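Okay, structure first, notes after.
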Amino acid sequence: MRHRKDTFKLGRTSSHRRCLLANMLKSLIEHERIETTVTKAKELRRHAERLITVAKKQSLAAKRQAIAKLMIQFNTLTPKEQRAAKAGDISAYNTDRQVIQKLFGTLAERFVTRQGGYTRIIKTRHRVGDKAPLCFIEYLSE
């Protein structure tokens, strides 16, 4: 029996599923809208909304939790990146650093007054090859 088991297995091992969700979370934060299957989107929504709730705390522990959830490993900056960062150019950072800045910056500020329900799932079509139902998952604009 599957009573009280609330995760979608998605036909993957637990380590593969964790990496898949981390990559999808990074893409969702970076682009704020991605297209995926409905089942993946429903599982992703749980993690994305919890990540926003963590980001709203704005503490060092919250940043470390988000970094662990997104499976980000920071490498030291090269001298060129250090000079650019000192000058205020954040485009020199790799995308993982930009994802964390966006999560704790614009997204956390956008939802500071909202108590939940940060994402929306819009069903669109069926995929041509296997008729899998596709949808967009996106962060709300307010």
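The values are calculated or read from the model by the stated rules, or taken from the named source; none is laboratory data. Remember, predicted model here, so these are calculated numbers, not experimental data. Cβ coordinates were reconstructed from backbone atoms using ideal geometry, including for glycine residues, and neighbour counts include every protein chain displayed. All accessible areas refer to the heavy atoms of the entire protein, side chains included, with ligands and DNA or RNA removed. Shrake-Rupley method; radii C 1.70, N 1.55, O 1.52, S 1.80 Å.
Using a 10 Å cut-off on Cβ atoms, rank the peptides 96-105, 119-128 from the highest mean neighbour count down.
Sorting 96-105, 119-128 by mean packing, highest first, produces 96-105, 119-128.
What angle do you read, to the nearest 10 degrees and between 0 and 90, between the alpha-carbon axis of helix 60-69 and the longest principal axis of the chain?
50 degrees
So which aspartates and glutamates can Lys123 reach, going by Cα to Cα under 17 Å and dropping same-chain residues fewer than 8 places off?
Cα-Cα hits under 17 Å: Glu32, Glu35, Glu43, Glu138.
Quick check: the angle from helix 14-31's long axis to the longest principal axis of the chain, C-alpha only, nearest 10 degrees?
Once rounded, one gets 60 degrees.
What's the local net charge at Lys42, with K and R +1, D and E -1, over the other residues with C-beta under 13 Å away?
+3
Can you give me the distance in nm between label points at Ala85 and Asp6, each placed 7 Å from the Cα along the Cα-to-Cβ direction?
3.7 nm
Could you tell me how many degrees, from 0 to 90 and to the nearest 10, lie between the Cα long axis of helix 38-55 and the main elongation axis, the longest principal axis, of the Cα atoms of the chain?
40 degrees
If I take R0 = 25 Å and measure r between the Cβ atoms of Ala68 and Arg46 in this structure, what FRET efficiency does the formula 1/(1 + (r/R0)^6) give, to the nearest 0.05?
Given R0 = 25 Å and the Cβ-Cβ separation, E is 0.90.
Taking 2.2 N^0.38 Å as the expected size of a compact globular protein, what ratio does the Cα radius of gyration of the range 7-142 give against it, to two decimals?
After normalising by residue count via 2.2 N^0.38 Å, the value is 1.14.
Accessible area of the range 1-125 with a 1.4 Å probe: how many percent of it is carbon plus sulfur?
The computed percentage sits at 50.
Under 8 Å for C-alpha pairs, at least 6 residues apart: give me the relative contact order for the range 16-142, rounded to a whole percent.
37 percent
So how much slack lies between Ser15 and Leu60, counting 0.36 nm per residue of separation and subtracting their Cα-Cα distance, in nm?
13.6 nm
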